[in-house]
Structure formats: structure tokens, C-alpha cells
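Report on one structure; see the data block that follows.
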Amino acid sequence: MNGRKWASALYVTFSVTFLLLGWELLSLAVNNPALPGPLPALTAFFRELAGGLWGHFLVSSYRVVISLVISLVLAVPCGMVMGREEKVDRLVAPLIYIIYPVPKIVFLPVLMVLLGIQDASKITLITLVVFFQILVPIRDAARGINPDLVNSVKSLGARRRDIYLHVVWPAVLPEVLTSLRIASGTAIAVLFFSETISSQEGLGYYLLDAWSRAVYTEMFAGIIAMSLLGFIIYTVLEHLERWACPWKYV
Amino acid sequence: MSANGELMVRVRGLSVSYQQQNKEIPALRDVSFSVPKGSTCALIGPSGCGKSTLLYVLSGLLRSWSGEVLVDGAPVTSCRRQTALILQDYGLLPWKKVYDNVALGLDIRGESREKKYIKVKRVLNEVGLWEMRQRYPSQLSGGQRQRTGIARALALEPDLLLMDEPFSSLDALTREKLQRQLLEIWQEKRMTVVLVTHSIEEAIFLGQRIILLSGSPGRVLDIVENPRVGEAGYRKTAEFHALTTKLREKLVPERVEISGGAGRWK
Ligand SMILES: Nc1ncnc2c1ncn2[C@@H]1O[C@H](COP(=O)(O)OP(=O)(O)OP(=O)(O)O)[C@@H](O)[C@H]1O
Ligand SMILES: [Mg+2]
């Protein structure tokens, strides 16, 4: 156990070193102030953190996390019901399949007109994207539940509510967390895009502002902050999955 | 518990067919039999003859059929609380530990924590799995999983236990041990047991009444009485072996005869 922990720490150290080394080499090869090496970039990152960067980081985190939570609250019940109730599915599925491939990001201008340029339009846009990305896998997972599993619980006297509670919800839970983890990358990309358009706060704004002032180390401080946000969300969701689905890891 | 002559299960003229892509697939045709209270009954027949379907009907889970099915004198419904169904492989919820799997039926019935604990402890001790209560099903052997399924059914104190090929995925030694354990439980509680099997030996070892079904759609081929079930050493007696031969003859020629005809091999 302990040996394994050491080994994994070693691997992490190794990959981080590898990443920094690659970055350094690339910046040396490109030899352009627009691509500073890791040392100046990280220095700028920590310096800026004490300045305005931390505030922007919080604003962006807030927007992403709220969007993920809202998507979850909306998509999980919808997906479970669609997967289990054939009548509902037949009614709603065609609608979903028309909307699913539409690039939701193009609605940003509309949302900005309707909801303003503050948090609401950004959160709505991210939610719109993430909702569909997790709705479809949840629905498929709910539909794929072995009918014998449902039947044997029914034979214990379970009513519909019990089936959802004891069978459907735990059966889709791993899928919920996995799809959310995958969608979190997209969520941050959408966040970045929406923050670069007529915004006064958030990492996207910070990054674009540094770019327009041609302060490239600060731009990279923003990039690091954004990557960190993605990394934290991804890691938290992964741990959440281990914690919430212990039967998967025995 | 068993009043003389009373029937636990009574099936008359039962026909079942499945709808598939607007085609009607007959699964059972004109099946009639009965099972006295407190006795055991084995259903045996070739694969696809409708044995599982028949259990689904008896449990009340399958509703579209024609004929008459009475359980304990009343038309069958899925809400009958004293009927327990054990399906072959998928009975246990992978996300619940042994304890919670066994407690599930009691949970659904809203039993109090204390009552639940007492009952679960009793049945888990009965099947010898109390030590394993904190494990997930994936951490159990096939035999232990099957015993957990039995414990979950027993926790509800059923008077009718329906089992679909309960021991078929187990190795021979474990199977014999569990068969004996099931007999012990039955002898102690005297509930009615209806079990589906594809093993002739198992049918004779466990079924006081053996119902032979023939190929699709399933019909009753014969009903054989087997009153010595539960006697010590029954498996070693000449009578047991004679009955094995008799059943094999009844089931196997049928295979030859029908395989010449249409439709059996799809
Ligand atoms: N949901 C279903 N839809 C359509 N046909 C079905 C369905 N379930 C079962 N059947 C058909 O009904 C017939 C009886 O099936 P059943 O599962 O009851 O057989 P079985 O005797 O239990 O077989 P086995 O011994 O292989 O378990 C089979 O021909 C099967 O293909
Ligand atoms: Mg079957």
C-alpha cells in the first residue's frame, strides 16, 4: 500500500517535470515573448494571485460550479425518467435529438440580450451545454438497467418510488459523475469564451486583457489559473466518484 | 401451517404469449397444475419452454396472460407480500452490501431499524453469512451470492418461495450443499417452494411434485409425484435412480421427436 503511494507520487513528479521541461524547451525554441518559459510564467502567476487574479479566479469558479450544479439537478431526474418511462421518452426523445447537435454556444448573443452581460447569461449558456452532455448518458444508463434486477426488487414489493431510489439512482450514479467530469472540460471552454465577450471579470476577461496589453507573462498567469480550475474540478469529481460509488472500487 | 388438502398454487388453462415487433410469440399454452400448501414443486423442461415465464406469472410481475391463476385461493397480484421470487443471477443490487441487500424488502415495507436488524441477523445466521454482511456482492462467491438471495427472500417470511434455476451456476459440491440447506430451511418453515431447474437430479432431490414441460410453446408433458423428498440419504436410494431414468426417458425422446419437426431450433 505504502509502496504504491510512493510509486504514484513518483509518477506524478515525473510527469510534472516532463511537462515543465517540454514547456521550457518549447519556449526556448520559439524564442518569442508571447511564449514565456515556466519560470517567468509561474512567477507572474504567484505575483498576480496576490493582486487581482484571485478575484477573477473566484468569479470564474463560481460560474462553472453553479452551472454544473444546475445542470446536474435538471439533467439527472430528466435522464432517469426518460430512461425508465417509455411514454415520456417517446414524447421527448425526438426533441432532444434535434437540440443535441446544435452548437449551443451560438446562443450567447441571444442570452446576453435577454439576460444581460452579468453572471446569468454565462451560467445559462454553460448549463445549456452541460445539461445535454450529461442527459443523454444518464438516459442510456437508466434504460440499460437489467430488467431482472428491476423485477427482483419489484417482487420484494417495491413501488415506482422504491425502484427509482434503490435501483435507478444508484445504477446511473457512476455515469452521472463520469459524464460530469468529461463535461467539465467543455464547461470551462464555454466559460472562457463567454468571459472574453463584453465581460469585466473572470479569468477569460483577465486573459484577454493581458493579451491586449501585450503582457504575456500575465496572460500565462491567467492560463495557469484556468488550467488549475479545470484540474481542481476534474480531481474533485474523480474523488467524489470514489466516495459515492464505493462498490465500484472493491 | 399446512391445512390438509389446501392448495397454495392453482393454475388452470394458463396461456402466455409475448408481443415482439407486432408478432405474437407463444410461450406457454394451456398449462394446468397445482401445488399443495407447504410442499415443494420442481418445474423442468428444455430451454425456452417458458419456465421463467411461468414463475413471472406466479409472482404477479407478468400480467398479460389468459387462464386462471390462484395463489392461496386468491387471483394472483404483484402486491402479494408473502410471495418471494429469487431470480438466477441478477437478484442482488451491486451497490448494496450484503446486509442492505437482505434488508431491502424490509426497507421497502418500512420496518423499523431495530426490527430490521433482528430479522436480517436471524436470516443471515441461518444461511451462515452474518460474518459477510459488510461485503458487496462482487466480493462474494457464487454460492454466497445465492445464499444472500435466499436470505433476502426469507427475511420477508414468505409462505411461497419461487426460485428460478437457483443453483445452476454453482459447482457440483456447492450445489449439493445448498440444495440440502434449502431442504432444511423448507422442513423447518414448511413454506411452499416452486423451483425451476434444468437438472433432473435437482428436480428429484427437491421436488415433491415434478412438472415436466415440453418445448415451445410450453405445455405440461407429465406430472410426477415424488413423496420421498427430504428423507435422509434419498439421493443414494435405488428409487431415486429409477426416477432419474424415468424422467430422462420422458424428457429425452421428446427432444428427438420434436427436433425432427419444425421450429425448435429457430
Ligand atoms: N420479453 C420477452 N419478449 C419476447 N419473447 C420472450 C420474452 N421473454 C421470453 N420470451 C420467449 O418466451 C419463451 C419462454 O421463455 P422463458 O424465459 O420463460 O424460457 P425458460 O424455460 O425459462 O428458458 P431457460 O431454461 O433458457 O431459462 C422463449 O421462447 C423466449 O424466447
Ligand atoms: Mg429461464
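Average projected area of the Cα convex hull of the protein assembly as shown, in nm²?
Details: hull surface 133.1 nm².
The orientation-averaged projected area of the Cα hull of the protein assembly as shown comes to 33.3 nm².
Accessible area lost on pairing A with B, both sides, 1.4 Å probe, Å² to nearest 100?
Values: alone 14590 and 13540 Å², together 26220 Å².
For A against B, buried area totals roughly 1900 Å².
Run the numbers on region B:112-157: which residues show a drop of 10 Å² or more in accessible area, chain on its own versus all protein chains together, using a 1.4 Å probe over heavy atoms?
By number: B:136, B:138, B:139, B:152, B:156.
In nm, give the distance between the simple-model label positions of residue A:8 and residue B:223, each being 7 Å from the Cα along the Cα-to-Cβ direction.
If labels sit at residue A:8 and residue B:223, their model points lie 6.1 nm apart.
With 13 Å as the cut-off, how large is the P(r) tail for region B:90-157, expressed as percent of Cα-Cα pairs? The partial results should precede the final answer.
Values: 1255 of 2278 pairs.
Everything past 13 Å amounts to 55 percent.
From the residues A:66, A:207, A:176, which one has its Cα farthest along the dipole of region A:36-249 in the positive direction, the dipole being from +1 and -1 charges on Cβ of Lys/Arg and Asp/Glu about the Cα centre?
It is A:176.
I'd like the residues of region B:48-88 whose 1.4 Å-probe accessible area shrinks by no less than 30 Å² going from the isolated chain to the full set of protein chains.
Going by heavy-atom accessible area, the residues of region B:48-88 that drop by at least 30 Å² are B:56, B:61, B:85, B:87.
Among the trypsin sites (Lys or Arg not before Pro) in region A:209-250, which ones are in a DSSP loop with at most 15 other Cβ atoms within 10 Å of the Cβ? Mind listing them?
Working: sites: A:213, A:242, A:248; in loops: A:213.
When the trypsin sites (Lys or Arg not before Pro) of region A:209-250 are filtered for loop state and at most 15 Cβ neighbours within 10 Å, A:213 remain.
So how far, in whole Å, is the C-alpha centre of region A:53-70 from the one of region A:131-147?
Each part reduced to its Cα centre gives a spacing of 27 Å.
Using modelled backbone amide H atoms (1.01 Å from N, in-plane), which distant-in-sequence or interchain residues come within less than 5 Å of residue B:213's amide H?
Hits under the 5 Å cutoff: B:44, B:45, B:221.
Ignoring ligands, DNA and RNA, please state the percent of accessible area on region B:159-202 from carbon and sulfur, probe 1.4 Å. Before the final figure, lay out each step's value.
Values: 830 of 1740 Å².
Reported share for carbon and sulfur atoms: 48 percent.
Quick one: dipole size for the protein assembly as shown, taken about the Cα centre, charges +1 on Lys/Arg Cβ and -1 on Asp/Glu Cβ, in debye to the nearest 20. If you can, show how the numbers build up before the last one.
Numbers: 58 positive and 45 negative charges, 221 e Å.
For this selection, approximately 1060 debye.
How large is the accessible surface per residue of region A:102-235, computed with a 1.4 Å probe and reported in Å² as a whole number? Mind dumping the intermediate values first?
Working: 5620 Å² over 134 residues.
That works out to 42 Å² for each residue.
Using the beta-carbon distance between residue B:115 and residue A:214 and R0 = 56 Å, what value does 1/(1 + (r/R0)^6) give for FRET efficiency, to the nearest 0.05? Present the calculation step by step, with values, prior to reporting the outcome.
Numbers: r = 74 Å, r/R0 = 1.31.
After rounding to 0.05, the efficiency reads 0.15.
Quick one: compute the contact order of chain A, relative version, from alpha carbon pairs under 8 angstrom and 6+ residues apart, as a percent. It would help to have the intermediate numbers written out before the result.
Details: 242 pairs, mean separation 67.9, N = 250.
This gives 27 percent for chain A.
Can you list the residues, at least 5 places off or on another chain, whose amide H is less than 5 Å from the amide H of residue B:195, using H built in the peptide plane?
Amide H neighbours of residue B:195, under 5 Å, 5+ apart: B:41, B:42, B:43, B:163.
Of A:42, A:123, B:151, which is farthest along the charge dipole of the protein assembly as shown in the positive direction, counting Lys and Arg as +1 and Asp and Glu as -1 at C-beta?
B:151
For chain B, what is the convex hull volume of its Cα atoms per residue in Å³? Don't jump to the answer; show the numbers that get you there.
On the way: hull volume 38.4 nm³, N = 266.
Taking the convex hull of the Cα positions in chain B, it is 144 Å³ per residue.
Please list the helices of chain A that count as membrane-span-like by this rule: a mean Kyte-Doolittle hydropathy of at least 0.0 together with Cα atoms stretching 27 Å or more along the helix axis, each helix being a complete DSSP H run. Don't jump to the answer; show the numbers that get you there.
Details: long enough: A:2-30 (42 Å, 0.93); A:54-84 (44 Å, 1.42); A:119-143 (35 Å, 1.03); A:169-195 (36 Å, 1.10); A:216-244 (41 Å, 0.95).
Answer set is A:2-30, A:54-84, A:119-143, A:169-195, A:216-244.
Rounded to the nearest 0.05, what FRET efficiency do residue A:50 and residue B:252 give with R0 = 60 Å and r taken as the Cβ-Cβ distance? Could you check? Could you put the intermediate results ahead of the total?
On the way: r = 86 Å, r/R0 = 1.43.
Result of the calculation: an efficiency of 0.10.
What does the charge dipole of region A:36-249 about its Cα centre add up to, to the nearest 20 debye, if the Cβ of each Lys and Arg holds +1 and the Cβ of each Asp and Glu holds -1? Please list the in-between numbers first.
Details: 17 positive and 15 negative charges, 124 e Å.
Computed about the Cα centre, the dipole is about 600 debye.
The values are calculated or read from the model by the stated rules, or taken from the named source; none is laboratory data. Keep in mind it's a predicted model, so treat the numbers as computed, not measured. When we count neighbours, we look across all protein chains shown, and the Cβ atoms used for this are built from the backbone with ideal geometry, even at glycine. To get the accessible areas, we keep the full protein, side chains included, count just its heavy atoms, and leave off ligands, DNA and RNA. Shrake-Rupley method; radii C 1.70, N 1.55, O 1.52, S 1.80 Å.
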